[in-house]
Structure formats: structure tokens, C-alpha cells
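Down below is the structure, laid out as C-alpha cells.
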Amino acid sequence: MKKITTIIALMSTVLFLAPSCKKCDRDQNNQVVTQTVNATIDENTNYTFSLPASNNSSVFQITSQAANYSASQLNTAAASGAVTYVYTPSKDFVGVNQIILSNAIASSNGVSASPQNSGCNHGGGHQCNKGNDHDADDMPSMVITVNITVKSTTTITSINK
């Protein structure tokens, strides 16, 4: 009976003193922010989209490129640092293209991850501060899906006989 009481007391002490693996408050709110932009342009014309200011320290990248384009790139203004996405469809292309832009931080295994504390501090990293020190790297990643519909400008005329 003494052994069982001693074991229960020892286990209770370990459970009481062990750190909790509950994630920080900020981790629960640190989701990836998504945005969808739909645009319609005429064939053989350019489309420019101004990206919102990055809400973390990572720069935007094209993670999924358009299928039909002569230009599809991100440009950064030297003076202001503002980022724009510029799209020019392939010559005479009519249809829909989708581009995905992201500022998610890639992890060491190449998978995009939202920059956040893992909750438990078992493998190093910074300790949870209950959301009191939100710096840029603690902000959520953004994924922007741009759907561009390129419409024809050619007028179809019918001939009646």
C-alpha cells in the first residue's frame, strides 16, 4: 500500500510541475489570411494588382504561376517598397488564368508554414509570452489567389443569305 501511495504522489507531483503543451493565445489566432481577387480584362491588355503591405517579414512570391502569359511577375517600387503583380496574357489568349501569391515562410522541409510559435517549447525556440510581443515574424502569412478572365474583343458578325 505504501508503494502505491508513493507512486501516486510522485505521479501527481510530475503532472503538476510539468509544463502544459497548450498553445499560446496568439497561435490560435495566427491563421493564414487568404484573399481572392477576380478581374476581367480584354485580350492583349495588361493587368496590375497592388498587393497589400506584407503583414510579416517575408516577401511575396508567386507560388502558382498562370498557365498562359507573356508576363507574370511581381515588381517592387524602389522608393516606397510597394509591391505590384503585373500580368500580360499570351498574344490573343482568351480564357481564365489563376495565379497564387504568398508570403508564407517555407519550413526546412519545403512546406509553407505560418510563422508561429509551436506552443510547447520542447525543441527550443522562443517561449510563449501570451501574445504580448507581436513582432512582424509572429504575424500570419497571406495567400492571395488572383483569378483573371481574359475576354475576346473580336466581334462576331453573321451573314444571312
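None of the figures in this text is laboratory data; all of them are computed from the coordinates on show. Values in this document were obtained by computation on a predicted structure and should not be read as measured data. A quick note on method: Cβ atoms are made from the backbone with ideal geometry, for glycine too, and the neighbour counts reach across all protein chains shown.
Can you sort 3, 151 so the residue with the fewest Cβ neighbours within 10 Å comes first?
Going from least to most buried by this count: 3, 151.
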So the FRET efficiency between residue 98 and residue 77, C-beta based with R0 = 22 Å and rounded to 0.05, is 0.30
